[in-house]
1. Would you calculate the separation in nanometres between label points at A:SER253 and B:ASN31, each defined as 7 Å from the Cα along the Cα-to-beta-carbon direction?
2. Counting pairs of alpha carbon atoms under 8 Å apart in space and at least six apart in sequence, what relative contact order in percent does chain B give?
3. Using Cβ-Cβ distances only, list the Cys residues of chain A with no partner cysteine under 4.7 Å, sorted by number.
4. For the interface of B with A, what's the total buried accessible surface in square angstrom, probe 1.4 angstrom, rounded to the nearest hundred?
5. Given a cut-off of 21 Å, name the pairs among A:LYS2/A:LYS273; A:LYS127/B:LYS64; A:LYS229/A:LYS358; B:LYS24/B:LYS125; B:LYS18/B:LYS64; A:LYS273/A:LYS313 whose C-alpha atoms lie farther apart than that in the structure shown.
6. Mind listing which GluC sites (Glu not before Pro) in segment A:1-69 are in a DSSP loop and have 16 or fewer other Cβ atoms within 10 Å?
7. In debye to the nearest 20, how big a dipole does chain A give about its Cα centre with +1 on each Lys and Arg Cβ and -1 on each Asp and Glu Cβ?
8. Using a basic spin-label model with each label point 7 Å from the Cα along Cα→Cβ, how many nm lie between B:GLU91 and A:ARG267?
Amino acid sequence: MKKAIITGAYDTDVGELHGSSCMGLHAEAALGAITDAGLNKADIDGVLCAYSFTEPHLMLSSVFCEYMNIQPKFNAAIEVGGATACVMVMQAAALVESGMCRNVLVVTGDNRLTGMPKGGAVATLAKVGHAQYEHPYGMSVPAAYALVANHYMNEYGTTSEQLASISVSAREHAIRNTKAHRRTPITIEDVLNSRMIASPLHVLDCCLISDGGAAIIVSAGETGADAAKKPIEILGTGQGHTHEHIMAAPSLSDFGCKHAAHTAFGRAGITAKDVDVAEIYDSFTITLLMELESIGFFERGEAGPACLSGALKLDGQLPCNTHGGLMSYGHSGAAGGMFHVVEAVRQLRHEAEGRQVKDSEIAFVHGDGGILSAHCSLVFGRT
Amino acid sequence: MTEKPIPVPNPDSVEFWKACNEEKFLIQTCNSCGKNQFYPRAICKHCHGSDLDWQPASGRGKVKTFTVVNHAPSPAFKEDLPYVLALIDLEEGVRAMMNVIGCDVVDVHIGMDIELTFEARGDQKIPQAKAI
Ligand SMILES: [Zn+2]
């Protein structure tokens, strides 16, 4: 069996896109990815969609196929919060490796910034909390992550300055990326002086709310010789799941990212040290810091000082979220995670222009859904 | 919607919420493996047995972790800002989410002792953590 490859990748504009719609963004992203792969609509025999806040539907993938007038032989929607994009890629790889499909379109998009009333996305997101045992206490998603942040800082000595440096590194990358939603330079002081959302997380410790869409094509390895662009191999995938609600998490220090990454590294036959560029889910600064330590890129308590001294920058020890991540590039629901996937493909194709990590051969992508609840890791290789 | 959420009991939780209205916090104990669990379920999460009993909590616990919320998830919580959201470890070994009330938000800390109290939410009382 040849490993699955990524043959096409595309992301739409991101930010405040007046006139955009959920399905319109899906269509643009899908067509872009199909064109990028040098394929035709008829070549797509599998479709995976995620979810939408502005056009929620029980059967989003069927709605999408109808909108596009395509009739794939495999079609399903996947919902695992922020882990969805990575889980979709993992599922698409399994579909082509099993012989079930040849070219799977993995597509995401939402207009949650302009398509909802102010505060709408925040209120909808808060529904990941438990209706009976969490909602009545005014839990928001940032507040739930803040519970983890406070615990982690108390336990391992992580500081607010260290967390802020993660946001600053992301912004520095976004400044090099003309497509990014937020490109105004910021300093650690700016982050620390920004409005407190839920202590210790300031507004600049939090991801954006953006409109946008992104898609990739996952193809059978055998098709690689005919690919329009350099195929990117999916070397390894893995998942880890410990809970849904933060009140029920078995640990507040170790989450499913540890197991997800361990499995993906094992299947790829590599270790964390072999990774040239990492695109890791960064819904909040604490999310990324914890994942960096839990996955094993840094020892416990060492990611903070490393981030503060520039480890995540393009020339650092672990260039991370090179497009700007969820805090500066943009966050459009499931597309937010897909932006990480598309950026990893660009980095490995050496197409990342002003933010290219030199000679990158191996990329790591990670998604986190819920309150550090559902995790999926991917390892990609330049063929 | 300007009202704060009121828990809607289901068959798993109806006993729990009924007891809350009598200002008792019930924990499920498994007669097969002897372990406790919160939140209430139709089965034991440890051994998947279904012979479960209810036992009232002592009411004593500690703050495992907390945050001071400055941005409300919905308009209903705006008037309470800033408020403390916390995970509370009860001495019976179960964890629940509550607000810490009865003290200044700056005085809340990890490891702080609390006692259970109950807050009326419409016709339903919900458990809360009160600073001792
Ligand atoms: Zn049991």
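1. 3.9
2. 24
3. Result for chain A is A:CYS22, A:CYS49, A:CYS65, A:CYS101, A:CYS206, A:CYS207, A:CYS257, A:CYS307, A:CYS320, no neighbouring Cys Cβ within the cutoff.
4. Values: alone 7740 and 14500 Å², together 19580 Å².
Interface area, both chains combined: 2700 Å², rounded to the nearest 100.
5. On the way: A:LYS2/A:LYS273 25 Å; A:LYS127/B:LYS64 23 Å; A:LYS229/A:LYS358 19 Å; B:LYS24/B:LYS125 10 Å; B:LYS18/B:LYS64 26 Å; A:LYS273/A:LYS313 16 Å.
In this structure, A:LYS2/A:LYS273; A:LYS127/B:LYS64; B:LYS18/B:LYS64 lie more than 21 Å apart at Cα.
6. Values: sites: A:GLU16, A:GLU28, A:GLU66; in loops: A:GLU16.
In loop regions of segment A:1-69 (DSSP not H, G, I, E or B), the sparsely surrounded GluC sites (Glu not before Pro) are A:GLU16.
7. Details: 26 positive and 40 negative charges, 68 e Å.
Magnitude of the dipole: close to 320 debye.
8. The modelled label-to-label distance comes out at 4.8 nm.
The values are calculated or read from the model by the stated rules, or taken from the named source; none is laboratory data. Predicted, not measured: the structure shown is a model, and the values here were computed from it. Note that we place each Cβ from the backbone using ideal geometry, even for glycine, and neighbour counts take in every protein chain shown. SASA here: full protein model, heavy atoms, side chains in, ligands and nucleic acids out. Shrake-Rupley method; radii C 1.70, N 1.55, O 1.52, S 1.80 Å.
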